[in-house]
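The values are calculated or read from the model by the stated rules, or taken from the named source; none is laboratory data. Since we're looking at a predicted model, the values are computed, not measured. Quick reminder, even Gly has a Cβ in these numbers, built from the backbone with ideal geometry, and neighbours come from all protein chains shown.
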Ligand code: GAL
């Protein structure tokens, strides 16, 4: 009998141990130097709570590979405990009952008050909190190399005519005016910044959030497409499918003078030892001053494994603490989702992003390419179409507009704004 109780006690102890000091598998696409370092802030903080972060990183800028791996794992019942999921997909997956509700964590942390309205709305479904947002990236960012600009006596361009004058001079001096890859998501990232520049946030939302097919025939979209094509003469020739970190390197090595990309580039330049406002600076893309094209990196927790729930809740709680928000975003290049972040500790790029975002929804536009504006189907179809237009100099602008309107009609137009 005593032996039996001894055995029972050791089984209970084993179970208790298993339930604790466990690992959480986290799937994401942060594999560049700065992305890795930013993720390590979270890894270290979690380990202080006796939870090990088991890394499931899938390389590939903008997360194309990661999303495919995540979907197939969820479908084969092998969901990780946490994953990077962005924008409307969060509510879609929540609707399928896949995500852990974090209401208690959110309540304890006062998330409703401390998080900006846009990120807070993106993690809610029918009154429940189903994700934890990390940071806000600004996509309409133009980085410029200060050394080249100084050498040529140029000022940061505030308008497209200024941009063109600078680009011509840079080209004549033997530098590449605008670093750019032909990778489809990188072309689309530039395209959406140009759409915002031509049309502003309300028109941008008509296209990609409200999906108004008629809006695709508007001359403002035509002008954005024309500019996308015209900018080719300032890009590397030949144009190849390089990674975004290679684009950042072109700027870092004084090969290229400018780069239009999300501000994760700032994180990468800082990680390579280049300081903001010394080696490079950033300004909003011409025509988008006081506008914010955003993407919000967010983690969801998958429901169903009760042994891991305490760890998942701990991770969610940690992500929103002021210290983690400040340290992670500083390295990542984004800005905190918390309204009480200390703006005095931010560099000039972050400060500009933060102060613009704070102006609210009328200046904000959700990134299509980075999954904030629509579902995967519309995003993938528009990105492919933009890339086709960009690669085929013979395709008339009106043809590209017609094709995009066709995509929106086929996928079901006039969606309600979330
Ligand atoms: C974005 C993501 C960023 C950054 C970038 C490059 O979609 O939100 O965190 O990783 O892709 O991969």
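Quick look at the numbers
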{"read-out": "Filtered residue count, the stretch 125-165, keeping only those that are within 30 Å of residue 85 (Cβ to Cβ) and assigned to a loop (DSSP other than H, G, I, E, B)", "value": "6"}
{"read-out": "Identity of the residue in the stretch 291-309, touching a helix residue (DSSP H, G or I) at 6+ places or on another chain (Cβ under 8 Å) and over 30 Å from residue 253 (Cα atoms), that ends up surrounded by the fewest Cβ atoms within 10 Å (Cβ to Cβ)", "value": "307"}
{"read-out": "Residue match in the stretch 330-338 (condition: in a helix (DSSP H, G or I), touching a residue at least 12 places away in the same chain (Cβ under 8 Å), surrounded by 20 or more Cβ atoms within 10 Å (Cβ to Cβ) and touching a strand residue (DSSP E or B) at 6+ places or on another chain (Cβ under 6 Å))", "value": "yes"}
{"read-out": "Members of the stretch 259-271 found to be assigned to a loop (DSSP other than H, G, I, E, B) and either without any contact (Cβ under 8 Å) to a residue 24 or more places away in the chain or closer than 13 Å to residue 247 by Cβ (or both), listed by number", "value": "261, 262"}
{"read-out": "Pairs where the first residue, in the stretch 56-76, is modelled with pLDDT under 95 and the second is buried (at least 16 other Cβ atoms within 10 Å of the Cβ) and part of a helix (DSSP H, G or I), C-beta under 6 Å, 6+ apart", "value": "61/244; 62/185"}
{"read-out": "Pair list, Cβ under 9 Å, 6 or more apart: the stretch 30-53 residue farther than 17 Å from residue 298 by Cβ and in the same structural domain as residue 249 (by TED's automatic domain parsing), other residue in a helix (DSSP H, G or I) and away from the ligand (no atom under 15 Å from the Cβ)", "value": "none"}
{"read-out": "Candidates 177, 201 - the one that is touching a strand residue (DSSP E or B) at 6+ places or on another chain (Cβ under 8 Å) and in a helix (DSSP H, G or I)", "value": "201"}
{"read-out": "Which numbered condition residue 295 fails, given (1) closer than 16 Å to residue 143 by Cα; (2) in a strand (DSSP E or B); (3) within 16 Å of the ligand (Cβ to nearest atom)", "value": "(1)"}
